[in-house]
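Some notes on the structure that comes next.
The values are calculated or read from the model by the stated rules, or taken from the named source; none is laboratory data. In this text, all values refer to a predicted model and were calculated from it rather than measured experimentally. Cβ placement follows ideal geometry from the backbone for every residue including glycine, while neighbour counts extend to all protein chains displayed. Please note that ligands, DNA and RNA were not included when accessible areas were found on the heavy atoms of the full protein model with its side chains. Shrake-Rupley method; radii C 1.70, N 1.55, O 1.52, S 1.80 Å.
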Amino acid sequence: GAGVSQSPSNKVTEKGKDVELRCDPISGHTALYWYRQSLGQGLEFLIYFQGNSAPDKSGLPSDRFSAERTGGSVSTLTIQRTQQEDSAVYLCASSPQGLAGFYEQYFGPGTRLTVT
Amino acid sequence: ILNVEQSPQSLHVQEGDSTNFTCSFPSSNFYALHWYRWETAKSPEALFVMTLNGDEKKKGRISATLNTKEGYSYLYIKGSQPEDSATYLCASLTGTASKLTFGTGTRLQVTL
């Protein structure tokens, strides 16, 4: 079946512009995560959705970052007024269960964001 | 230990060698430990999720053990093959049932 998909795969934007990153999880997966990996760093948790609500958004680095999920499916991560330090690979993952941290996560291919 | 730490950072072995990596994590308020394999230009792929002290899991030539009391997990690869070349990530679920904390990974390169 279809896996987790993300779009765009690559995005180059100028500093100060807004960007939207999209994630389509596996159908039926209730849990959805956003992570990012900056150069030389490990995967960094950003936000967790269970259904359409976000019980844990503690990883969002600033109020320029926001995310939403609609219909218990597609999620969008929005970064406003991008800065060079936002350059990273942004990964989305989904999981089929509640208490999602106890179950394996299925990752998308990521969006490589470059802010110039 | 406050963070998830992995060692070594990178490893270069010959085909046929067996190898192992270490993941250290906070032992208090522990819920689960995940291992993922991340090949270049691909998505991270789940290997194991372990929750109980003393857990041992195996998938083909790869196996993992878990010690929750001392906060470490080992990943073993028996008879390494070039297709095993990847970054191996561990992540702990500690203090919250939803948020994984990842280590920076062990990069394995297997050559002929």
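Of the strands (runs of 3 or more DSSP E) contained entirely in the range B:53-112, those carrying at least 1 residues that are open to solvent by 50 Å² or more (accessible area, probe 1.4 Å) and modelled with pLDDT of 95 or more fall at B:56-59, B:72-77, B:106-111.
One residue stands out among those in the range A:70-87 that are part of a strand (DSSP E or B) and open to solvent by 10 Å² or more (accessible area, probe 1.4 Å): the one that is farthest from the other protein chains (Cβ to nearest Cβ), which is A:78. Scanning the range B:22-46 for residues being within 19 Å of residue A:101 (Cβ to Cβ) and without any contact (Cβ under 8 Å) to a residue 40 or more places away in the chain gives a total of 3. Where strands (runs of 3 or more DSSP E) fall wholly inside the range A:1-49, no range has 3 or more residues that are basic (Lys, Arg) and either surrounded by 18 or more Cβ atoms within 10 Å (Cβ to Cβ) or at the interface with chain B (Cβ under 9 Å from one of its Cβ atoms) (or both). For the range B:18-42, the candidate set comprises residues that are open to solvent by 40 Å² or more (accessible area, probe 1.4 Å) and within 8 Å of another protein chain (Cβ to nearest Cβ); within that set, the residue that is nearest to residue B:96 (Cα to Cα) is B:31. Residue check: residue A:97 meets all listed conditions (1) under 14 Å from residue A:46 (Cα atoms); (2) surrounded by fewer than 16 Cβ atoms within 10 Å (Cβ to Cβ) but one, namely (1).
Looking only at residues of the range A:50-59 that are open to solvent by 40 Å² or more (accessible area, probe 1.4 Å) and facing another protein chain (nearest Cβ under 8 Å), we find that the one that is nearest to residue A:5 (Cα to Cα) is A:50. A single member of A:94, A:62 is free of Cβ contacts under 8 Å to residues at least 12 places away in the same chain and either in a loop (DSSP other than H, G, I, E, B) or more than 11 Å from chain B (Cβ to nearest Cβ) (or both), and it is A:62.
Residues of the range A:63-92 being in contact with a helix residue (DSSP H, G or I) (Cβ under 9 Å, 6 or more places away or on another chain) and of a type outside the set (Lys, Arg), which ones? Write out each step before concluding.
We begin by selecting, within the range A:63-92, every residue in contact with a helix residue (DSSP H, G or I) (Cβ under 9 Å, 6 or more places away or on another chain); these are A:64-65, A:79.
The answer is A:65, A:79.
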